[in-house]
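The values are calculated or read from the model by the stated rules, or taken from the named source; none is laboratory data. Remember, predicted model here, so these are calculated numbers, not experimental data. Every residue, glycine among them, receives a Cβ derived from its backbone with ideal geometry; neighbour counts consider all protein chains shown. With ligands, DNA and RNA removed, areas are computed over all heavy atoms of the protein, side chains included. Shrake-Rupley method; radii C 1.70, N 1.55, O 1.52, S 1.80 Å.
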Amino acid sequence: VDRDEVLYIADTGAGKIFIYQPDKKKLKSITRVDKHINFVSPVGIGVSLEGTIFVSDSSLGQVFAINEKGESVFVVGEKEGIQRPTDLFVKGEKVYVVDTDGCQIFVFDVNGKLLLKFGKRGDGDGEFNYPTHIFVGDQDLIYVSDTLNSRIQIFDLQGGFKRTIGSAGDSSGHFSRAKGVAVDSFGHIYVVDALFDNVQIFDYEGKYLMNFGERGSSQGELWLPSGITIDKNNYIYVADSYNKRISVFRYAGGE
C-alpha cells in the first residue's frame, strides 16, 4: 500500500500484478515488462516514494523495476547472485529482497545498486531455512519469515541479528508455516501462518498476544493465507490465497 492508499497486488497464479485505487474503485493490471517479458510467477511487490514499482518474479529469477505503464526502469537478479527472489519490501530509498533458495536477504538502493546481503543456510542465529517474507518497520528493524525454521528473525538495518520470535509447534505463539509478517504503528508484530490459516499477533518483545482467522471462506476466515501488509491507518491487508481474495481487517484496540 503506498502513501496514497493505492493497493499493489502480486497475483502469482495469474502471472500479473494488479493496482487498485479504493477511493475510485479503479483496478488495472500489468502482465508484462516492455511488452516482451511476460511475468511468470510474480511474488513480491512494492512501490517507492517516486512511484517506481518493484516486482520479484521467482520463476524468472529477477526483480523488475517498472513504471505504471509496465515500462522497464532496470532489472536486478542473476548478475547479483539472486537464485529465487520471492517477497520484497520497499522502505525509503532501499529495496529489501528475500532470496528463498539462496537463504539470503539482498538490499538494493532504489536505483538498483547492491548495498548489502546477509544470511546463509542453517538454523542458527542469522541463518535461514528457505525464508519467504520480509517487512521493515519504523523502528529500523528488519523482520524475516524464516519459514522452514518456523520462526521470525529480527535484524537491524545492517543485517545484524537481534532476536527471534516463535518456534515449531501447534499451539499459540508457535508456527507451522510462517509466511507474511508486518508491524503496525503500535509496534505489534503480525505473522501469517499458512497451515494454521490465521494471523498471530505479538508485542514488540515477541510475547504472544492473540490471533485472528480460521479456515473457511466466510468473511473473516482464511484459507492458505500468505502475504500481509499494514497501512498508516492500521488497516491490515491479508492475501487470502486459496480464497482468491484480499481480506482487510482493522485493529480496533488501544496500545
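Could you please find all residues in region 238-255 being hydroxyl-bearing (Ser, Thr, Tyr) and open to solvent by less than 70 Å² (accessible area, probe 1.4 Å)? Lay out the reasoning, then the answer.
In the first step, residues of region 238-255 are kept if they are hydroxyl-bearing (Ser, Thr, Tyr); the result is 241-242, 247, 251.
Result: 241, 247, 251.
Within region 159-187, track down each residue that is among the polar types (S, T, N, Q) and not in a loop (DSSP other than H, G, I, E, B).
So in region 159-187, the residues among the polar types (S, T, N, Q) come out as 164, 167, 171-172, 176, 185.
Selection gives 164 alone.
For residue 113, the criteria (1) closer than 22 Å to residue 64 by Cα; (2) of a type in the set (Lys, Arg); (3) within 17 Å of the chain's Cα centre (by Cα) hold in every case but one, which is (3).
On the stretch given as region 47-72, residues that are in contact with a strand residue (DSSP E or B) (Cβ under 6 Å, 6 or more places away or on another chain) and either hydroxyl-bearing (Ser, Thr, Tyr) or open to solvent by less than 10 Å² (accessible area, probe 1.4 Å) (or both) total 14. Go through the residues of region 188-208 one by one and say whether even a single one is part of a loop (DSSP other than H, G, I, E, B), closer than 22 Å to residue 97 by Cα and either open to solvent by less than 30 Å² (accessible area, probe 1.4 Å) or modelled with pLDDT under 95 (or both). Yes - at least one qualifying residue is present in region 188-208.
Tell me, which residue of region 42-78 that is part of a loop (DSSP other than H, G, I, E, B) and acidic (Asp, Glu) is farthest from residue 1 (Cα to Cα)?
First pass over region 42-78, keeping only residues part of a loop (DSSP other than H, G, I, E, B): 48-52, 58-61, 67-71, 77-78.
With the extra rule that they be acidic (Asp, Glu), the set shrinks to 50, 68, 71, 78.
On the way: 50: 14, 68: 14, 71: 20, 78: 27 Å.
Selected residue: 78.
Checking each residue in region 112-153 for being in a strand (DSSP E or B), more than 26 Å from residue 52 (Cα to Cα) and open to solvent by less than 20 Å² (accessible area, probe 1.4 Å) picks out 128, 146, 152, 153. Checking each residue in region 65-100 for being within 16 Å of the chain's Cα centre (by Cα), within 18 Å of residue 9 (Cα to Cα) and free of Cβ contacts under 8 Å to residues at least 60 places away in the same chain picks out 85, 86, 88, 89, 90, 91, 95, 96, 97, 98.
Can you tell which of 192, 181, 199 is under 19 Å from residue 123 (Cβ atoms), of a type outside the set (D, E, K, R) and within 16 Å of the chain's Cα centre (by Cα)?
Numbers: 192 fails: under 19 Å from residue 123 (Cβ atoms); 199 fails: under 19 Å from residue 123 (Cβ atoms).
That would be 181, the only listed residue that is under 19 Å from residue 123 (Cβ atoms), of a type outside the set (D, E, K, R) and within 16 Å of the chain's Cα centre (by Cα).
Among the residues that make up region 27-44, is at least one of them of a type outside the set (Val, Ile, Thr), within 18 Å of the chain's Cα centre (by Cα), modelled with pLDDT of 95 or more and open to solvent by 20 Å² or more (accessible area, probe 1.4 Å)? Within region 27-44, not a single residue is of a type outside the set (Val, Ile, Thr), within 18 Å of the chain's Cα centre (by Cα), modelled with pLDDT of 95 or more and open to solvent by 20 Å² or more (accessible area, probe 1.4 Å).
The number of residues in region 79-94 that are open to solvent by less than 20 Å² (accessible area, probe 1.4 Å) and assigned to a loop (DSSP other than H, G, I, E, B) comes to 1. The residues of region 220-237 that are within 17 Å of residue 251 (Cβ to Cβ), open to solvent by 70 Å² or more (accessible area, probe 1.4 Å) and either outside any loop (DSSP other than H, G, I, E, B) or modelled with pLDDT of 95 or more (or both) amount to a single one, 235.
For region 95-111, the candidate set comprises residues that are aliphatic (A, V, I, L, M) and under 17 Å from residue 42 (Cβ atoms); within that set, the residue that is surrounded by the most Cβ atoms within 10 Å (Cβ to Cβ) is 98.
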